[in-house]
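Peer 1: What follows is a single structure, and I will ask about it in a moment.
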């Protein structure tokens, strides 16, 4: 039963079980929504096929509308087709193209292939209303050359060749004269005459000029070519460039039936739907609708509205300006087979449902009905489905979330307790102040970690206690053997006449003297700790106290310069005078070890806010940044330093008998006074500054 008890589980097993439970919610939601989406899309495709079939049946009943349309066989022509777009109202000929804006996207552009310049290029648009053909021509030409009857030179000119069933091949000429109505000339009976049946208006623009042209009633050209003869300089006998809709032949003209266009425009379409009627070659005969974004209705459930926002990405309608469509479903329907599909953008931001049905007359395909619909409508049904799911999932999710929050909070509390207890028994230097007293438990990994900390902490405490007593034990145990060695060496030195032997004995005596000095310093460090236990604090004037210590050092070490800097006249502070004097003694001794006699040792005392800072600054070698805290540890001496005597004095490295106990004593006294001590290099790397800071 212990394996079933969650309290015995590992943390990994506990968190894994919770995560697996939480993951069941989104996984189930995603799977269900995907299935719902598939069903809705399939239903949408089916409905589009039914709609396209209904439209095709009505068009099949009016097959005469297709015979009314002029649909040239494009395979017999090299030139591109020109499409005539039905208008809902007549065009006001003024040269400004306001009436053409809704079909402006179908404008076709033409220019010379041999030149990158736009000079002489033009664009054209054809439209019809009430048996009249209208032309909108926009020409780019910065230097317009007007005709002058008195001068015999070539000017800018537009020629239009067209083939009509009744009149055959004809050509008309239009030359810019002045803004407004201009005459249209026609070649007839061997001469060029004005044909007043045509209406034309010319309007100058910043880039050239616009031309609107209205053909006589009943003209339905099957083929047509527009040519612009461009002249940039006066006095020329021929055009400098020729731009035409077709270089070798007249372009075929597609005339959709106005009845088909009227029928399609009257269809009642849903938002986001578009209907196309195509001929057997996929050319557009009529269209209605658009694929604009569909704003989803606001649901009463705010969470549903937050999870399912409206389609954010604008639909990129690549068929919007097409006059000929190509799609797999269209190809299938033009072969006589209804087809449907879903077309998605490359980034998956939107999808379009497609359906196409052939228009059949006597088993012959005379066209196709192609319907598109923005799949964003499916989101409406997704909202309803998601709303029902959310009520159930929210309850489950909140229950699991509460469980996770409770468990994580409990784990965090246990870890925080362990951290706080460790911080209480370990100081900044990593020394164990007391053994760890935490109740040992048997459970998960956190309990194991706690037990490991207890064992490690108690071992560290015993080890630190041993190290702190080591100096006292060594000084006590080594004092007698060193005294015996020293007395023996003294006897040898007295009883030996050999100069070389005396020199060897003298070096041995120096070694024992240095060992004795080390033991003395170790006893001194131990004595400082004992003195702290009985130290008494008293209120003293720090300015006067520091001056007295400096005066004593200046008298004892006359070769060195000691400089006291302080803006304070009097600064009262409760301290242990004996211990503080010992601290200053260690800092000043350390400064003399590393400073030259030529450079002053600066002692500073300053006050800022509620803090007092006592500092000792000396010139000399700097401390590596990584060792600026380590030097206050016991038995650590890091920097190379100079013996007193100036810049030319012999350097002594860290392997000398200086064991670093002086700064260790400084740290002990600073901690006893609840002060912070630090070492830092001067900004110009010329020396080192030791600072002692405590609160007033």
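Peer 1: When you check residue 620 against the structure, is it modelled with pLDDT under 90, crowded, with 16+ Cβ neighbours inside 10 Å, within 20 Å of residue 560 (Cα to Cα) and within 56 Å of the chain's Cα centre (by Cα), yes or no?
Peer 2: Working: modelled with pLDDT under 90: yes; crowded, with 16+ Cβ neighbours inside 10 Å: yes; within 20 Å of residue 560 (Cα to Cα): yes; within 56 Å of the chain's Cα centre (by Cα): yes.
Spelling it out, residue 620 is indeed modelled with pLDDT under 90, crowded, with 16+ Cβ neighbours inside 10 Å, within 20 Å of residue 560 (Cα to Cα) and within 56 Å of the chain's Cα centre (by Cα).
Peer 1: For residue 82, which of the numbered conditions (1) buried (at least 16 other Cβ atoms within 10 Å of the Cβ); (2) closer than 20 Å to residue 221 by Cα; (3) at pLDDT below 90 fails to hold?
Peer 2: Of everything listed in (1) buried (at least 16 other Cβ atoms within 10 Å of the Cβ); (2) closer than 20 Å to residue 221 by Cα; (3) at pLDDT below 90, residue 82 misses just condition (3).
Peer 1: If a residue has to be assigned to a helix (DSSP H, G or I) and either touching a residue at least 24 places away in the same chain (Cβ under 8 Å) or more than 27 Å from residue 14 (Cβ to Cβ) (or both) to count, how many in region 441-465 make the cut? Steps first, answer last, please.
Peer 2: Going through region 441-465, the residues assigned to a helix (DSSP H, G or I) turn out to be 445-465.
Retained after the next criterion (residues that are either touching a residue at least 24 places away in the same chain (Cβ under 8 Å) or more than 27 Å from residue 14 (Cβ to Cβ) (or both)): 445-446, 449-450, 453, 457-465.
Residues meeting the conditions: 14.
Peer 1: Here is a list of conditions, (1) surrounded by fewer than 18 Cβ atoms within 10 Å (Cβ to Cβ); (2) at pLDDT 80 or above, and residue 345 meets all of them except one; can you say which number that is?
Peer 2: The one condition residue 345 does not meet is (2).
Peer 1: Counting only residues that are over 23 Å from residue 161 (Cα atoms) and touching a residue at least 24 places away in the same chain (Cβ under 8 Å), which one in region 101-110 is surrounded by the fewest Cβ atoms within 10 Å (Cβ to Cβ)?
Peer 2: So, considering only residues that are over 23 Å from residue 161 (Cα atoms) and touching a residue at least 24 places away in the same chain (Cβ under 8 Å), the one surrounded by the fewest Cβ atoms within 10 Å (Cβ to Cβ) is 105.
Peer 1: Could you tell me whether any residue of region 184-206 is outside any loop (DSSP other than H, G, I, E, B), more than 23 Å from residue 132 (Cα to Cα) and in contact (Cβ under 8 Å) with a residue 60 or more places away in the chain?
Peer 2: Yes, region 184-206 contains a residue that is outside any loop (DSSP other than H, G, I, E, B), more than 23 Å from residue 132 (Cα to Cα) and in contact (Cβ under 8 Å) with a residue 60 or more places away in the chain.
Peer 1: Still on this structure: Can you pull out the residues in region 599-617 that are at pLDDT below 90 and either outside the structural domain of residue 550 (by TED's automatic domain parsing) or touching a helix residue (DSSP H, G or I) at 6+ places or on another chain (Cβ under 7 Å) (or both)?
Peer 2: none
Peer 1: Hey, another quick one. Checking residue 135 against (1) within 46 Å of the chain's Cα centre (by Cα); (2) closer than 25 Å to residue 220 by Cβ; (3) not in a helix (DSSP H, G or I): exactly one of these is not met. Which one?
Peer 2: (1)
Peer 1: Scan the strands (runs of 3 or more DSSP E) fully inside region 241-292 and keep the ones with 1 or more residues being outside the structural domain of residue 119 (by TED's automatic domain parsing), more than 16 Å from residue 83 (Cα to Cα) and touching a helix residue (DSSP H, G or I) at 6+ places or on another chain (Cβ under 8 Å).
Peer 2: Here the list reads 273-278, 284-289.
Peer 1: Moving to a separate point now. Would you mind telling me which numbered condition in (1) assigned by TED's automatic domain parsing to the domain that holds residue 368; (2) surrounded by 18 or more Cβ atoms within 10 Å (Cβ to Cβ) residue 36 fails?
Peer 2: The number of the failed condition is (2).
Peer 1: Also, I was wondering about something else. Is there a residue in region 98-117 that is assigned to a loop (DSSP other than H, G, I, E, B) and either under 30 Å from residue 340 (Cα atoms) or modelled with pLDDT of 90 or more (or both)? Steps first, please.
Peer 2: Kept after step one, since they are assigned to a loop (DSSP other than H, G, I, E, B), are these residues of region 98-117: 107, 111-117.
So of that shortlist, the ones also either under 30 Å from residue 340 (Cα atoms) or modelled with pLDDT of 90 or more (or both) come out as 107.
Among the residues of region 98-117, at least one is assigned to a loop (DSSP other than H, G, I, E, B) and either under 30 Å from residue 340 (Cα atoms) or modelled with pLDDT of 90 or more (or both), which makes the answer yes.
Peer 1: Ok, one more. In region 590-621, what residues are without any contact (Cβ under 8 Å) to a residue 12 or more places away in the chain and at positive phi? Reasoning before the result, please.
Peer 2: Pass one, region 590-621, residues without any contact (Cβ under 8 Å) to a residue 12 or more places away in the chain: 608-609.
Across region 590-621, the qualifying residue is only 609.
Peer 1: Only one of (1) modelled with pLDDT under 90; (2) over 30 Å from residue 181 (Cβ atoms) is not met by residue 280, so which one is it?
Peer 2: Of (1) modelled with pLDDT under 90; (2) over 30 Å from residue 181 (Cβ atoms), only one is false for residue 280: (1).
Peer 1: Still on this structure, please answer the following. Do we have residue 336 as at positive phi, surrounded by fewer than 21 Cβ atoms within 10 Å (Cβ to Cβ) and at pLDDT below 90 here?
Peer 2: On the way: at positive phi: yes; surrounded by fewer than 21 Cβ atoms within 10 Å (Cβ to Cβ): yes; at pLDDT below 90: no.
Against the criterion (at positive phi, surrounded by fewer than 21 Cβ atoms within 10 Å (Cβ to Cβ) and at pLDDT below 90), residue 336 does not qualify.
Peer 1: Just the residues that are part of a loop (DSSP other than H, G, I, E, B) and either buried (at least 17 other Cβ atoms within 10 Å of the Cβ) or out of contact with any helix residue (DSSP H, G or I) (no Cβ under 7 Å at 6 or more places or on another chain) (or both), please, taken from region 570-598.
Peer 2: Within region 570-598, 571, 576, 595, 596, 597, 598 qualify.
Peer 1: Consider region 395-432. How many of its residues are surrounded by fewer than 13 Cβ atoms within 10 Å (Cβ to Cβ) and at pLDDT below 75?
Peer 2: Result for region 395-432: 3.
Peer 1: Is it the case, given these coordinates, that residue 59 is surrounded by 14 or more Cβ atoms within 10 Å (Cβ to Cβ) and either at negative phi or assigned to a loop (DSSP other than H, G, I, E, B) (or both)?
Peer 2: Against the criterion (surrounded by 14 or more Cβ atoms within 10 Å (Cβ to Cβ) and either at negative phi or assigned to a loop (DSSP other than H, G, I, E, B) (or both)), residue 59 qualifies.
Peer 1: When you go through (1) at pLDDT below 85; (2) touching a helix residue (DSSP H, G or I) at 6+ places or on another chain (Cβ under 8 Å) one by one for residue 499, which number turns out not to apply?
Peer 2: All conditions pass for residue 499, except number (2).
Peer 1: Considering every residue within region 458-468, establish whether at least one is touching a helix residue (DSSP H, G or I) at 6+ places or on another chain (Cβ under 7 Å) and either modelled with pLDDT of 80 or more or outside the structural domain of residue 20 (by TED's automatic domain parsing) (or both).
Peer 2: Within region 458-468, not a single residue is touching a helix residue (DSSP H, G or I) at 6+ places or on another chain (Cβ under 7 Å) and either modelled with pLDDT of 80 or more or outside the structural domain of residue 20 (by TED's automatic domain parsing) (or both).
Peer 1: Still on this structure: Return yes when residue 274 is surrounded by fewer than 21 Cβ atoms within 10 Å (Cβ to Cβ) and within 30 Å of residue 373 (Cα to Cα) and no when it is not.
Peer 2: yes
The values are calculated or read from the model by the stated rules, or taken from the named source; none is laboratory data. No experiment lies behind these values; they were computed from the predicted model shown. Heads up, the Cβs are rebuilt from the backbone with ideal geometry, glycines too, and the neighbour counts pull from every protein chain shown.
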